[in-house]
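> Please find one structure pasted underneath; my questions will follow.
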Amino acid sequence: MTYCVGILVREGLVMIADTRTNAGLDNIATFRKLHPFEVPGKIAVAIATAGNLAMTQSAITLVTEGMKNAETGAIETLTDMPSMFAVAQFVGRAVREARAALGEAAQQEEPGMFSISLLLGGQVAGGPMRLFMVYSAGNFIEATGDTPYLQIGEHKYGKPILDRAVSEVTTLDEALKIGLISMDSTIRSNLSVGLPIDLLTIRRDRQEIDLTYRINAGEPYFHDLRERWSSALRAAHRAIPSPPYASQRRPQAAE
């Protein structure tokens with residue numbers, strides 16, 4: 001499994017993804033799941049993937065190498081798209097074609113075996129910055145000002161911090177920090193998510209990826225963030241008064 005999160009705020013976009021894949025407790029490997037695409041000044045987009053590795057790699061290959069335009073016959077790639085909505089449609093088509101290429105194999109395996117999901121975020125010059133989640137069927141939904149983040153994979157462990165701390169006006173640096181706390185919470189609670197972690201940021205109206213970074217085991221800032229967050233949680237629950245009804249327990253019988 002995996003965990004990926006995209007956070008869209010007024011200053012820009014944060015995308016974070018782990019790299020762990022596993023097919024059993026003794027078969028763990030590392031694969032990049034965060035894929036950048038850019039033509040500086042024209043388009044800057046990132047795709048994070050979760051689910052069946054063969055399917056996601058096939059879809060990313062189609063997006064990268066291109067697909068034929070049914071009307072013109074020309075081979076088009078993601079960076080040729082004129083808008084983020086067109087990018088989302090293009091990625092959805094790649095997902096459908098990757099599934100179609102599997103043919104009967106996708107039908108014969110157990111349900112969910114070939115399911116995937118993708119996060120797609122970025123900006124095309126002249127249009128707004130947008131963040132989408134693309135499903136296995138190729139359809140998609142979009143993040144909004146009310147919910148400025150989207151998650152795929154093992155999302156439940158990292159969701160509470162996002163719900164409480166992220167809003168549309170959160171700064172880009174704060175969004176990155178909160179996203180890393182969300183990732184740490186997931187890593188602590190689920191063995192199928194793990195380091196290294198890939199991240200990137202795109203500032204609004206720049207149409208270029210301004211930060212890409214990989215966090216490996218022992219990276220000083222992430223280690224410090226984990227320790228500080230754990231300490232802060234312990235201090236917070238200790239500072240909250242005990243429930244008033246705790247004093248209503250029955251007295252212990254004398255021995």
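All of the numbers you see were taken from the coordinates with simple rules; none came from a lab. Please read these numbers as outputs of a predicted model, since none were measured by experiment. Note that we place each Cβ from the backbone using ideal geometry, even for glycine, and neighbour counts take in every protein chain shown.
> What shape does the chain take by its C-alpha gyration tensor, where a ≥ b ≥ c are the square roots of the eigenvalues and a/c under 1.5 counts as rounded, a/b above b/c as prolate, and the rest as oblate? Write down the numbers at each step before the final one.
Working: a/c = 2.28, a/b = 1.64, b/c = 1.39.
Prolate.
> Based on the Cβ-Cβ distance of Ala86 and Ile28, what FRET efficiency does E = 1/(1 + (r/R0)^6) give at R0 = 30 Å, to the nearest 0.05?
Working: r = 37 Å, r/R0 = 1.24.
Computed FRET efficiency for Ala86 and Ile28 comes out at 0.20.
> Would you mind telling me which residue in Arg238, Arg206, Arg226 has the biggest mean-square fluctuation in a Gaussian network model of the chain, where springs connect alpha carbons within a distance under 10 angstrom?
In the Gaussian network model the winner is Arg238.
> Find how many whole Å separate the alpha carbon centroid of segment 50-73 from the alpha carbon centroid of segment 134-158.
That distance is 20 Å.
> If you place +1 on the Cβ of every Lys and Arg and -1 on the Cβ of every Asp and Glu, how big does the dipole about the Cα centre of segment 4-53 come out, in debye to the nearest 20? It would help to have the intermediate numbers written out before the result.
Values: 5 positive and 4 negative charges, 24 e Å.
With Lys and Arg at +1 and Asp and Glu at -1, about 120 debye.
> Once the Cβ-Cβ distance between Thr144 and Ser115 is put in as r, and R0 is 25 Å, what FRET efficiency do you end up with, to the nearest 0.05?
Using R0 = 25 Å, I get an efficiency of 0.55.
> Dipole size in debye (nearest 20) for segment 167-242 around its Cα centre, Lys and Arg Cβ +1, Asp and Glu Cβ -1? Each step should come with its number before you reach the end.
On the way: 10 positive and 11 negative charges, 70 e Å.
For this selection, approximately 340 debye.
> Identify which of Thr201, Thr147, Thr186 has the largest mean-square fluctuation in a Gaussian network model of the chain, with springs joining Cα atoms closer than 10 Å.
Among Thr201, Thr147, Thr186, the largest mean-square fluctuation in the Gaussian network model of the chain belongs to Thr147.
> What 222 nm value per residue comes from the helices of the chain, counting each DSSP H run with n ≥ 4 as -39,500 (n - 2.57) and dividing by all residues, nearest 500 deg cm²/dmol? Walk me through the numbers before you get to the answer.
Working: 6 runs with 82 residues, N = 255.
Helix-only estimate at 222 nm: -10500 deg cm²/dmol.
> Measuring from label point to label point, each 7 Å out along Cα→Cβ, what is the Thr77 to Ser189 span in nm?
Label at Thr77, label at Ser189, 3.9 nm between them.
> Then there's this: Please report how far the C-alpha centroid of segment 161-180 lies from that of segment 5-20, rounded to the nearest whole angstrom.
Taking the Cα centre of segment 5-20 as reference, the centre of segment 161-180 is 10 Å away.
> Determine the dipole magnitude for the chain: charges of +1 sit on the beta-carbon of Lys and Arg, -1 on that of Asp and Glu, nothing else is charged, the reference point is the Cα centre, and the result goes in debye to the nearest 20.
It comes to approximately 740 debye.
> Just Ile240, Ile60, Ile116 to compare: in a GNM of the chain, with alpha carbon springs under 10 Å, which one fluctuates most?
Among Ile240, Ile60, Ile116, the largest mean-square fluctuation in the Gaussian network model of the chain belongs to Ile240.
> Please give the contour-minus-distance gain from Arg250 to Leu211: 0.36 nm per residue of separation, less the Cα-Cα distance, rounded to one decimal in nm.
Going from the current span to full extension adds 8.2 nm.
> Under the 0.36 nm per residue contour assumption, what length would be gained going from the current alpha-carbon distance of Arg204 and Ala54 to full extension? Numbers along the way, then the final one.
Details: separation 150, 0.36 × 150 = 54.00 nm, distance 3.25 nm.
That pair, Arg204 and Ala54, stretches by 50.7 nm at full extension.
> A further question on this structure: Would you work out if segment 201-255 is rounded, prolate or oblate? Take a ≥ b ≥ c from the square roots of the eigenvalues of the alpha-carbon gyration tensor; rounded if a/c is under 1.5, else prolate when a/b is larger than b/c, oblate otherwise. All intermediate terms of the calculation are to be shown ahead of the outcome.
On the way: a/c = 6.18, a/b = 2.91, b/c = 2.13.
Cα axes put segment 201-255 in the prolate bin.
> If I model a spin label as a point 7 Å beyond the Cα along the Cα-Cβ vector, how far apart are those points for Tyr135 and Ala236 in nm?
3.2
> Suppose R0 equals 30 Å; then what is the FRET efficiency for Arg93 and Lys42 from their Cβ-Cβ distance, rounded to the nearest 0.05?
Details: r = 21 Å, r/R0 = 0.69.
FRET efficiency, Arg93 to Lys42: 0.90.
> Residue farthest toward the positive end of the dipole of the chain, with Cβ of Lys/Arg at +1 and Asp/Glu at -1: which of Thr72, Leu102, Gly92?
Positive-most Cα among the choices belongs to Gly92.
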